[in-house]
Amino acid sequence: MNNEITNTQTQNLIPYSQFEKYLQNLGLPSEGVIASERERGMMARILPETIETLKPETKKGAVYLSKFVASAAIGLYDASLNYVWNEVIISLREKVKLYGLDLFFDAAVGGDVRESYSTEEDLLLIKDNTLIDACRKLEIISDVLHQKLKHILYMRNHIGASHPNTESIRTLELLGWLETCVNDIIADTPSEGAIFVQQLIINIKKEDLVISEARLEQIKETLARQHSRIAGNLLLTLFSIFTRTNTSQSVRGNILKLAPIAWDLSIDNKRYEIGFKIDQLGLNLDEETFNIGETFIEKCNGMSYKTTSSKTRELNSLLNRLYRTHNEWDNFHYEGPIAREIKKYIPTTADIIPSIEDKLIKTVLICRIGNGVDYYNGVSPSAKPHYDEIIKLLSPSQIKILMRFINASEIRNSLSSRNRARQLVELFQLINLDLQEGRTAEAIEYIVSNIEEKGYNLFKTRELTSYYDTL
C-alpha cells in the first residue's frame, strides 16, 4: 500500500519547471519558493512510512498533519514545519489537560497572575516556549525531548513560515523533525495512570464525594503500579487545590485522606517542592494560606521536607517554647504536644540541622532528666517517648555534644536530685555504646555505674575529668 501511495505521489508531482513558469505567468517570484523535484521525490518516498506509525484514532483528528502532507507534497517545506509544530502544540495541550490544569498552571505561571489561569481556554494564552518548559518541569516530556523540541521551535521561528526569512529546508531535515514530533509527541498516548489521576482530580472537587477506606486502598494500589511521576504530580495538584482560599472544607477533608497516599508514593523532590511552596507562603505573609499549607504537610508527616531556613526558624521557636514550658507550672501536661511537634521535623538523624543541633540536644537533655519531683519521676509522661526517640537518633558526634552539656554546671549540679540521676541513667540506656567512640562509651558506663551513689560529685573524679579534657 505504501509503495502504491509513493509511486502515485511521485508521478503526480508538478514538475519544478512548470510550477516556476506558472508563478512567472502570474507575475510572482518563482525562485526558491518550493523544494526541487529531487527533494520532493525524496519526501514522497519516505513520508508515508512516518505517517503510518500513527494509530488510526490519532490520525483521524490530526488536521495539521494533513496540511503538513499537502504543503510537503507541493514543496512548501517552511509551511510544513509550521503545520507539524501546530500539531505538537495541540498534542501537548491535550497531555496537559490529562495531567491536570491546576498542576500545569502552577508550574507555568505562578506568582500574582496565577489566579487568572484556570480553564482550558486559558491554556491557549500560554506561549509555546513556556508550554514546553512546564511540560519538562512536570516530567510530561524528558530532558532530551525538551531539547529536541526547543531546537524544532527555534527552526520553526527562524526558517519556518511563521516569520519572514530567506532560508531553505532540506527534505531529510524536515522528515527528521517530523519523526520526532510524531513518535515522541503525537503518537505518545496517555498512560493508564495519567487518565486515572485526571478522573481522580475531577472527582475530588465534588462536594458530595465520600471516600471509603476500601476506595482509598484501591487508589493506593493503582498509584503504586504507576511511575512515581504520576503520584508526584497528583501530590502537587492536591496541594494546589487544598490551599486555595475558595476550596470548601468537605473537599479539603477528602484531599487530606488522599494526600498521605500520594506523599508516600512520591519521590523526594516533589515533597521538597511542597515544603518550598509553604515557605514561600510564609515569606509572602500570606498567613491564611500558610496555615492551610501547614495542615496539609503535617497530615503527610512531612515537616522535615520544609526548607532548611524555615525548619531552623520554626524549630528554634518550638525549642524556646519547650524550655519555657518545662520551667512553668503544669509542664507535664503542656510539654507533650510541643515535643511531638519537634519530633515531626526530625524523623531521621540526617534531619537534625547543624545550626540548631546544640540547642536541640541541650533542651531535650534538660527536659528528659526532668525537674526532680516524685510525680512521674520528674518527667512529662506524654513528652518522654518523643525525647527518647530524638536521643536514639543522635550520631556519635552528637552524643559527644550531649556529654559536654551534661558536664555544664546548669545540668551537672542538678544531678544531686536522685530522680534526675535515675533519669540520666535511663537516657544513657537508650544509647548504643557499640557505636560510640571508646572513651565516650567508657565515660557513659562509668556514669551509669556511679551516678546514684556520688551524684554531681562524680564529675570531679579523675575518670571523668580526664575524659572531658579530651572533648
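Brief remarks on what is shown
- Look at where the Cα atoms of the range 164-202 and of the range 287-323 average out, and the two centres are 42 Å apart.
- Longest DSSP-loop-exposure-free segment, GluC sites (Glu not before Pro), the chain, at most 14 other Cβ within 10 Å: 208-327
- Heavy atoms of TYR376 accessible to a 1.4 Å probe, total area in Å² rounded to 10: 130
- Listed residues LYS384, LYS21, LYS67 arranged by accessible area, highest first, probe 1.4 Å: LYS21, LYS67, LYS384
- What the range 367-427 shows is 41 Å² of accessible area per residue, with the surface traced by a 1.4 Å probe over protein heavy atoms.
- Computed from backbone phi, the HN-Hα couplings of the range 352-366 come to 7, 6, x, 5, 10, 4, 4, 5, 4, 5, 5, 5, 5, 4, 4 Hz, rounded to whole numbers (Karplus: 6.51 cos²θ - 1.76 cosθ + 1.60, θ = phi - 60°; Gly and Pro given as x).
- Accessible area per residue (1.4 Å probe, heavy atoms of protein chains only) ranks VAL182, VAL63 as VAL63, VAL182, with the largest value leading.
- Cα gyration tensor shape of the range 296-335, rounded if a/c is under 1.5, else prolate or oblate by comparing a/b with b/c: oblate
- Its relative contact order, with pairs defined as Cα atoms under 8 Å and 6+ residues apart, puts the range 152-252 at 24 percent.
- Shape category assigned to the range 64-173 from the gyration tensor of Cα positions, a/c cut at 1.5: prolate
- Relative contact order of the range 202-306, pairs being alpha-carbon contacts under 8 Å that are 6 or more residues apart, as %: 31
- Value of relative contact order over the chain, rounded to a whole percent, pairs C-alpha under 8 Å and six or more apart: 9
- Within the set [x] 99, 45, 38; [y] 114, 54, 40; [z] 92, 42, 40, the number that Cα extents along the principal axes in Å takes when calculated for this structure is listed as [y].
- Once the Cα-Cα distance is subtracted from the 0.36 nm per residue extended length, the ILE46 to VAL144 segment shows a gain of 32.8 nm.
- Shape call, the range 346-448: gyration tensor on alpha carbons, a/c limit 1.5: oblate
- Which listed pairs, of LYS344/LYS384; LYS97/LYS206; LYS359/LYS454; LYS306/LYS359; LYS220/LYS299; LYS299/LYS392, have C-alpha distances above 21 Å, in listed order: LYS359/LYS454; LYS299/LYS392
- Of all accessible heavy-atom area on the chain, the percent that carbon and sulfur account for (1.4 Å): 50
- Each Lys and Arg Cβ is given +1 and each Asp and Glu Cβ -1; about its Cα centre, the range 45-141 then shows a dipole of about 420 debye.
- Computed [θ] at 222 nm, deg cm²/dmol, the chain (DSSP H ≥ 4; -39,500 (n - 2.57); rounded to nearest 500): -21500 deg cm²/dmol
- Computed from Cα atoms, the angle from the helix 77-99 axis to the main principal axis of the chain rounds to 30 degrees.
- 1.4 Å probe accessible area per residue over the range 112-217, in Å²: 58
The values are calculated or read from the model by the stated rules, or taken from the named source; none is laboratory data. Because the structure is predicted, anything quoted here is derived from the model rather than measured. Cβ atoms come from the backbone with ideal geometry, glycine included; neighbour counts cover every protein chain shown. Just the protein is used for accessible areas: all its heavy atoms, side chains included, with ligands, DNA and RNA removed. Shrake-Rupley method; radii C 1.70, N 1.55, O 1.52, S 1.80 Å.
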